[in-house]
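One structure is given below, encoded as structure tokens.
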Amino acid sequence: MTNAKLFSFLLLLIGFLPSVSGQSFLNLDFENSTVSILFPPSPGFPYERGIAQVEYWGAAASFVTNYSGGTLLLYNTRSLDATGVFLEGASYPIPAIQGNYSVLLDGGSSFYPGREGALLGQTGEIPPWARSLTFWSTSGSFEASFDAQPLSLVLLSTASNHAVYGADVSAYAGLTGHLQFRAPWQSMGLIDAIQFSPNAIPEPTLLSLFTAGVLCVVFVRLKAKKF
């Protein structure tokens, strides 16, 4: 390779670096989590309980400790009234949607005075090719934002234990910022399988909006159950 060709190649490489230098979003299915069991199954609680180190994510609610690179959450439990963010396994009464773990966002009940809700977020780069963000959830009330800009969520499909929601992120493709999910006050549900897609998001239909409302009512009723 001649010096001129080598110089041209280096210039091209340097020009390309900014588009790949951003930190990608990681642990989007929460499987990269480390659980420490503190309490084995017992007659009153027939599932193990403990604490979980969830890499790369940060959270804001009761029972949460953030650290550089991740967050510590209670495992296989939930609050009765206060806001909370928890990691749930497959054996819990509100079981993980898929795989070993899902995150439960609890925005607090009507008896809880704080109304800020529960937050889960991570800072990273949206892939340059991404046109949409999708995730699985059991709540139709969740909110999502990127760098404090609300994302308009659309119900894409439903399954026996979750629904799939999506949002158009084409305006933010290639940008680095904070992706956040929020369970508003008096809402609760699981979230899992977050991913970016090159596919566009269709417009919401009347049926999808009705289904989202039904899911919301179901999980508000689950809030009244005590585990």
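The values are calculated or read from the model by the stated rules, or taken from the named source; none is laboratory data. Quick caveat, the model's predicted, so the values are computed rather than measured. Here the Cβ is made from the backbone with ideal geometry for all residues, glycine too, and neighbour counts use every protein chain on show.
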Hey, does the stretch 89-96 have a residue that's part of a strand (DSSP E or B), modelled with pLDDT of 95 or more, out of contact with any helix residue (DSSP H, G or I) (no Cβ under 6 Å at 6 or more places or on another chain) and farther than 18 Å from I37 by Cβ?
-> no
Report, by residue number, each residue of the stretch 130-166 that is free of Cβ contacts under 8 Å to residues at least 60 places away in the same chain, over 14 Å from R182 (Cβ atoms) and not in a loop (DSSP other than H, G, I, E, B).
-> W136, V154, L155, L156, S157, T158, A163, V164, G166
Is there a residue being modelled with pLDDT of 95 or more, crowded, with 22+ Cβ neighbours inside 10 Å and among the polar types (S, T, N, Q) anywhere in the stretch 176-186?
-> no
In the stretch 23-64, how many are within 24 Å of E125 (Cα to Cα) and free of Cβ contacts under 8 Å to residues at least 24 places away in the same chain?
-> 1
Set S160, S170, S137, S132: member being farther than 26 Å from S62 by Cβ, of a type in the set (S, T, Y), crowded, with 19+ Cβ neighbours inside 10 Å and out of contact with any Leu (no Cβ under 6 Å at 6 or more places or on another chain) | S132
Across the stretch 65-86, what is the total count of residues that are in contact (Cβ under 8 Å) with a residue 12 or more places away in the chain, assigned to a strand (DSSP E or B) and more than 20 Å from D192 (Cβ to Cβ)?
-> 0
